[in-house]
Structures are given as C-alpha cells and as structure tokens.
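The values are calculated or read from the model by the stated rules, or taken from the named source; none is laboratory data. Predicted model only: the values in this text are computed from it and were never measured. Glycine gets a Cβ as well: all are built from the backbone with ideal geometry, and neighbour counts include every protein chain shown.
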Amino acid sequence: MEEQDARVPALEPFRVEQVFNAPKPKWTQLSGRKLQNWGGLPHPRGMVPERLPPWLQRYVDKVSDLSLFGGLPANHVLVNQYLPGEGIMHHQPGLPHRARLLRATAARGR
C-alpha cells in the first residue's frame, strides 16, 4: 500500500499537546525512539481492542474518511517520538493483518 500524508492541520496543535500530555506509562522506550500504542494490544490471535481517547478518535475518524483501508476504519494508532539523529531501520510490521494502523510521529520544535 502506498503511504499517504493524511495530516489534518486544524487538529495538529491539539493532537501534539495531547500526545505529550499522555500518562507516562503510555510511553514505551525502544531502541532509537519512544512509542505510544493506542487502540489495542497486538496478540498472536488478533488485536485485543482498547477504546481510543476522544482527542485521538476525532483524528482517526478524519483519516478513516479518506478510505485508506478499503472502506474499513482505522483501529490502531502508533505514535513514535524520535530525537534528532534517531529513527528505526526498514522493517516489516509485526501486527496482525486485521490491524488498520495509523502511524504518527510526534515532534516538538525543530
């Protein structure tokens, strides 16, 4: 699937504020990045669903309206935070095929 930039400018400042105000346990420290997982936990037998918070559900609804997933709504959001010089190598996502994933990168300033 070709990646598309699905930014919704009117929501962007609020979304970034909410990402950085998320409870500390929501962040997972990984090699070269920090990660927030919203919408469910990947499991070998499928996604264990989790309700999205209202501030994120509005954004997911806007992206879902773009029909990026064959008419199905996005159901999972990963938010990555990279510091300058950080990033992840190319890889194949390990999520179940039923996960309709919306990826977001969080940054403060430049």
| task | Would you be able to say whether some residue in the stretch 12-31 is part of a loop (DSSP other than H, G, I, E, B), touching a Lys or Arg at 6+ places or on another chain (Cβ under 6 Å) and modelled with pLDDT under 85? | result | no
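If I ask for residues that are farther than 24 Å from Gly85 by Cα and either assigned to a strand (DSSP E or B) or more than 13 Å from the chain's Cα centre (by Cα) (or both), which ones from the stretch 32-41 would you list?
Correct list: Trp38, Gly40, Leu41.
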| Gly46: loosely packed, with under 15 Cβ neighbours inside 10 Å, touching a Lys or Arg at 6+ places or on another chain (Cβ under 7 Å) and modelled with pLDDT under 85, yes or no? | yes
| said: Quick check on my filter: what residues within the stretch 77-99 are under 13 Å from Pro42 (Cβ atoms) and modelled with pLDDT under 85? | reply: Pro93, Gly94, Leu95, Pro96, His97, Arg98, Ala99
| task | Would you check if there is a residue in the stretch 32-40 being free of Cβ contacts under 8 Å to residues at least 24 places away in the same chain and surrounded by fewer than 16 Cβ atoms within 10 Å (Cβ to Cβ)? | result | no
| query | Among the residues of the stretch 52-68, which ones are touching a strand residue (DSSP E or B) at 6+ places or on another chain (Cβ under 9 Å), in a loop (DSSP other than H, G, I, E, B) and free of Cβ contacts under 8 Å to residues at least 60 places away in the same chain? | reply | Leu52, Pro53
